[in-house]
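Student: The structure's right below; bear with me while I get my questions together.
Read the figures in this text as sums done on the coordinates, not as results from a lab. Note that the coordinates shown come from a computational prediction; the quantities given were computed from them, not determined experimentally. For neighbour counting, all protein chains shown are included, and Cβ atoms are generated from backbone atoms with ideal geometry for every residue, glycine included.
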Amino acid sequence: MALFKRSAQKEYLEFEELVFTLQRKNIKNIHLRIKPSDGALVITCPMRTSQRCLHLFIQTNLKWIRQKQKNLLDSVRCTPEGYHAGSLHYVDGKAHILQFFDDQPVSGIKSTPPVLQLQTSKPFCAQTNQKLLQQWYRQRLSEQIPPLITKWEPKIKRNVCEWRIKKMKTRWGTCNPAAQRIWLNLELAKTPHECLEYVLVHEMVHLLERSHNATFHAYMDTFLPDWRQRKMLLSRFIIG
């Protein structure tokens, strides 16, 4: 069943992975709007509409909602199609075109949007290019994560004893509350910084509450009021 969440003056309705902003007005029918700017879902309904009626309304229109969002949101697949010159790669949510400079004395990678430069002393094969890029992404995340942990530990009042980065096929992050350990997906280096922060805060809140229940969402509303918008932004990026 759908579950209501309330934040300040706004009411939210979550159904599977979808998040709806709920607006109750003095009207007779339920209306659904999908914002063309970001694909955000807004339901306007009569004041006393029950949760069951809203659940049925969403279920009935679910196929249309998914198709409409798919058309509105230009989804980004994190895994690139190749590692050749001209292939598309994402850094901090922005598309970059991979270019090679094979006359450089020192190997390295440099992001100068819209170009991702791979500087080498000699041409490399695709497998080596992939390895170099993944190492570069890992280094970027390794530099971005510690300041965020330092920022959020005093706010959430929990310490992260250990954090690690790894490639994951289905999750952006995981948390082991007992060990106070957090894992973050390497692919987060390809998403906007606010998405990285959202995932980190999400996992740190699991140090307070293990389940995705009302208590967990109340914590998220307190610590990161715009977490739903960040979650929507992250949903544009497809793992694998």
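Student: For the pair Val76/Gln119, report the inter-label distance in nm, with labels modelled 7 Å from Cα in the Cβ direction.
Tutor: Taking the simple label geometry, Val76 and Gln119 are separated by 2.4 nm.
Student: A further question follows. Could you pull out every residue, at least 5 positions away or on a different chain, whose amide H is within less than 5 Å of the one on Phe15? Hs are placed 1.01 Å off N in the peptide plane, and Pro or chain starts have none.
Tutor: Sorted by chain and number, the residues that satisfy this are Phe20.
Student: If I fit a long axis through the Cα atoms of helix 214-223 and take the longest principal axis of the Cα atoms of the chain, what angle between them do I get, 0 to 90°, rounded to 10?
Tutor: 60 degrees
Student: From the backbone phi of the stretch 86-96, what are the Karplus-calculated ³J(HN,Hα) couplings (6.51 cos²θ - 1.76 cosθ + 1.60, θ = phi - 60°) in whole Hz, Gly and Pro given as x?
Tutor: Taking θ as phi minus 60°, the curve returns x, 6, 9, 9, 10, 9, 6, x, 10, 6, 10 Hz for the stretch 86-96.
Student: Give, to the nearest whole percent, the P(r) tail of the chain beyond 26 angstrom, counting all Cα pairs.
Tutor: Details: 14025 of 28680 pairs.
Summing the P(r) of the chain above 26 Å gives 49 percent of all pairs.
Student: Angle check, please: helix 126-156 long axis (alpha carbons) against the longest principal axis of the chain (alpha carbons), in degrees 0 to 90, nearest 10.
Tutor: So the inclination is approximately 50 degrees.
Student: According to the square roots a ≥ b ≥ c of the eigenvalues of the Cα gyration tensor, what is the shape class of the stretch 101-199, taking rounded for a/c under 1.5, prolate for a/b larger than b/c otherwise, and oblate for the remainder? Mind showing how you got there, number by number?
Tutor: On the way: a/c = 2.76, a/b = 2.25, b/c = 1.22.
Prolate, since a/c reaches 1.5 and a/b exceeds b/c.
Student: A follow-up question, please. Taking neighbour Cβ counts within 10 Å as the exposure measure, how do Val76, Val160, Val205 sort from fewest upward?
Tutor: Values: Val76 14, Val160 21, Val205 25.
Neighbour counts put them in this order, fewest first: Val76, Val160, Val205.
Student: Give, in nm to one decimal, the length gained when the segment between Thr215 and Lys28 is fully stretched (0.36 nm per residue of separation minus the Cα-Cα distance). Don't jump to the answer; show the numbers that get you there.
Tutor: Numbers: separation 187, 0.36 × 187 = 67.32 nm, distance 3.28 nm.
Between Thr215 and Lys28, full extension yields an extra 64.0 nm.
Student: Still on this structure, I have one more. 7 Å from Cα along Cα→Cβ at both Lys151 and Leu62: what's the point-to-point distance in nm?
Tutor: So the label points at Lys151 and Leu62 sit 3.6 nm apart.
Student: Using θ = phi - 60° and the Karplus relation 6.51 cos²θ - 1.76 cosθ + 1.60, list the HN-Hα couplings for the stretch 44-60 in order, rounded to whole Hz, with x at every Gly or Pro.
Tutor: For the stretch 44-60, the Karplus curve yields 10, 9, x, 4, 9, 4, 7, 4, 5, 5, 5, 4, 5, 4, 5, 4, 5 Hz.
Student: Is there a pair in Lys190/Lys231; Lys166/Lys190; Lys68/Lys231; Lys10/Lys68; Lys25/Lys68 whose C-alpha atoms are over 21 Å apart, and which pairs would that be?
Tutor: On the way: Lys190/Lys231 15 Å; Lys166/Lys190 14 Å; Lys68/Lys231 18 Å; Lys10/Lys68 24 Å; Lys25/Lys68 25 Å.
Table pairs above 21 Å Cα-Cα are Lys10/Lys68; Lys25/Lys68.
Student: In what order do Phe101, Phe15 fall by count of nearby beta-carbon atoms within 10 Å, going from fewest to most?
Tutor: Numbers: Phe101 12, Phe15 17.
So the residues, fewest neighbours to most, are Phe101, Phe15.
Student: Return the FRET efficiency for the residue pair Ile239, Gln180: r is the Cβ-Cβ distance, R0 is 22 Å, and the value is rounded to the nearest 0.05. If you can, show how the numbers build up before the last one.
Tutor: Details: r = 25 Å, r/R0 = 1.13.
Result of the calculation: an efficiency of 0.30.
Student: If Lys and Arg each add +1 and Asp and Glu each add -1, what is the summed charge of the other residues whose beta carbon sits under 13 Å from the beta carbon of Ser87?
Tutor: Net of charged neighbours comes to 0.
Student: Moving on. Can you say what percent of the DSSP beta bridges in the chain, counting only those with both residues inside, are antiparallel? Round to 5. Spell out each step's value before the answer.
Tutor: Details: 27 of 45 bridges.
So the antiparallel bridges in the chain amount to around 60 percent.
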